[in-house]
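Undergrad: My questions will all concern the structure given below.
The values are calculated or read from the model by the stated rules, or taken from the named source; none is laboratory data. Only a predicted model underlies this, so the values are computations on that prediction, with no experimental measurement involved. Note that we place each Cβ from the backbone using ideal geometry, even for glycine, and neighbour counts take in every protein chain shown. Heads up: the accessible areas ignore ligands, DNA and RNA and are worked out on the full protein's heavy atoms, side chains in. Shrake-Rupley method; radii C 1.70, N 1.55, O 1.52, S 1.80 Å.
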Amino acid sequence: MKTQEKTTPPRPSIHAASAALVAPSPQVIATLPAGTKPLGLATSPLGPPLAYAAGNASGTVSILDTGTLTISTPAAPLTAPAGVALTPDNVYLYVANSGGNTVSVVQRNLFAVTNTIGVGNSPFGIQVSPDGLFAYVANQNSNTVSVISTVTRAVVATIPVGVKPTWVAAAPNDLEVYVTNQGGNSLSVISTVTNSVVATITGLSTPYGAAITSDSRYLYVANSTANTVSVIDTASRTIIATIPVGTAPWGVTVTPDNSHVYVANNGSDTVSYIDTATNTVSSTVTVGHQPTGVGVAASGLTAYVSNNGANTVTVLALINMISPPAGPEAGGNIVTVTGTNLAGATAVKFGQVPGTIMANTPSQILVVPPPGVGVAQLTVTTAGGTSNAKPYVYSPGGELDSLTPGAGPTSGRNIISIEGHRFSTATQVRFGSVPAVPTVVSDHLITVTVPPAAAPGLVPVAVTTAGGTTAQTITYAYIDPPFLSAVSPNTGPVAGGNVVNLYGLNLSTTSLVTFNNALVQYSIQSDTVLTVVVPPNPAAGTAGITVTTGSGTTTLPSAYAYV
């Protein structure tokens, strides 16, 4: 009688087989069933690692757990959903119902529809602004974009754009929104300040999807009939590169580190993986039939493709990577580890200390690191043994010193400087609960465009780096713009030198007062009263009075009479 030999499980690996330093390419690690005819796809910006695919023909949104690689499709009263977007706080989904001319607001954790908002005809692409205050919806058969307030859940503006607007991309600096016009072979540039089109970029070919880098500098647009992707410089609003891709490219997304772009090629059943350093395709991956939407996880290691013709979602991964490669000394963050033979992991250790495994598949592990300092060697242990090690860096947190200026208008969009320490890895600044993307100037200085606020008041400011979120208490003041209503007395001698009071609102941050452009001495009595010394005037006549504050400028024309 033969003795059955035991099979030894393969040893886990989180390192490439070759020692050559070759940039990894995405590989298919799973294909999961989704709703019928999935179109748009969105990924969670924080919290549970989830992806959402809109099932256009089934009236559903499928929820993909990217940690366990399982999918569910809850029933919902949706009508031909096409586009889906998440709020920055990960609380609500905004779903464009192309068959119902509506947008559904869905509470993410319960998947309950809380509001249904009427918009234009055949809404398709949808994007929530980085500050979370507005949603922008492209109405294909109305040639408009609807702007929805996420506070009031109502349309606050309707913007005429080009022919058959399809996709929407919102700049992370919150200054502009970009809309692809399929029927017009163009791109509309919308100012978020005026809610109007400020430029139209031509030279595109039936543009479909669009995505923008986190620094708001470059926009990638899929030309579905030219089989190319156009790279647009958002400052000059010109096309600076054209990249050949697969057939009929549709969806586009940029990785969180801006290093690569994924493009779903609807006509060739592939995804193009573009290296943004060279603006060339570095690899091409075969996925399901008729891929449409594409999204990338916050870790940057996994991407998700909705296959409209196969009713599936393909999961792609960069194998033998860890993300992030650094984290706070307190631990507690989520680290994604990709590799091979990782199923049934019994331990993920940071040095000699095990982390907490949150999810585990053959090619991916989500783990919470323990506290630590310095560099720890990360290893994975399964029944097949212990993997090779990869370094994980415990980073000390950043420190905040000051904001300049420390106040600004509730409309936001002004740029401030933040000084402190250990800012070289800064990825986010939060004003209260609203995120913004900083520009790193040095390890001690970052600049950031302030997001709008719903109301005036003080909000705490925090900076997120590899070492976590700053703990110091520092605030930024949102203030309403100034308003002048009266001056008393409103007449005086041409020689000036007399004292008058200016009355209005929001005057406490006044930095400049002029009479007919002549600077005057002033003192702030309160938020509603300024006392000023009237300057001389060459002759009798009227003078306009202008007051400048931290939130803007107000002018009262012909308010004072020289006699």
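Undergrad: I need to check one value: relative contact order of segment 492-563, counting alpha carbon pairs closer than 8 Å and at least 6 residues apart, in percent.
TA: 36
Undergrad: Computing the accessible area with a 1.4 Å probe over protein heavy atoms, can you report the carbon and sulfur percentage for the chain?
TA: For the chain, the apolar C and S fraction of the accessible surface comes to 55 percent.
Undergrad: Working out 0.36 nm times the residue gap between Asn490 and Gln27, then minus their Cα-Cα distance, what length gain in nm do you get to one decimal?
TA: 159.2 nm
Undergrad: Give me the tail of P(r) for the chain as a percent: Cα-Cα pairs with distance above 37 Å.
TA: Pairs farther apart than 37 Å: 40 percent.
Undergrad: When the Cα atoms of segment 293-367 are enclosed in a convex hull and the volume is divided per residue, what value in Å³ results?
TA: Cα convex hull per residue, to the nearest whole number: 102 Å³.
Undergrad: I would also like to ask the following. Where does the Debye-calculated log10 I(q)/I(0) of segment 50-180 sit at q = 0.15 Å⁻¹, using only Cα point scatterers of equal weight, no solvent?
TA: Evaluating at q = 0.15 Å⁻¹ gives log10 I(q)/I(0) of -0.63.
Undergrad: Okay, moving on. With the other protein chains left in place, how much accessible area per residue, in square angstrom, belongs to the chain at a 1.4 angstrom probe?
TA: Heavy-atom SASA per residue in the chain reads 39 Å².
Undergrad: Same structure, new question: Using unit Cβ charges (K, R positive; D, E negative) and no other charged atoms, how large, in debye to the nearest 20, is the dipole of the chain about its Cα centre?
TA: Rounded to the nearest 20 debye, it is 940 debye.
Undergrad: Is segment 270-417 best put as rounded, prolate or oblate by its Cα gyration tensor, with a ≥ b ≥ c the root eigenvalues, rounded for a/c under 1.5, and otherwise prolate when a/b is larger than b/c, oblate when not?
TA: Oblate, because a/c is 1.5 or more while a/b does not exceed b/c.
Undergrad: Any idea how far apart Thr114 and Thr225 come out in nm if each label point goes 7 Å out from Cα toward Cβ?
TA: 4.2
Undergrad: Same structure again: For the chain, what is the relative contact order in percent, using Cα pairs closer than 8 Å and at least 6 residues apart in sequence?
TA: Once divided by the residue count of the chain, the mean separation gives 10 percent.
Undergrad: Also: As an exercise, use a Förster radius of 25 Å and the Cβ-Cβ distance of Ala241 and Thr439 to find the FRET efficiency, rounded to the nearest 0.05.
TA: Approximately 0.65, to the nearest 0.05.
Undergrad: Let me ask something else. Sort the following peptides by mean Cβ neighbour count (other Cβ atoms within 10 Å, averaged over residues), highest first: 122-135, 105-118, 499-512.
TA: Top to bottom by mean Cβ count within 10 Å: 122-135, 499-512, 105-118.
Undergrad: Moving on. Distance in nm between label sites at Ser149 and Ala383, each 7 Å beyond Cα in the beta-carbon direction?
TA: Going from the Ser149 label point to the Ala383 one covers 6.0 nm.
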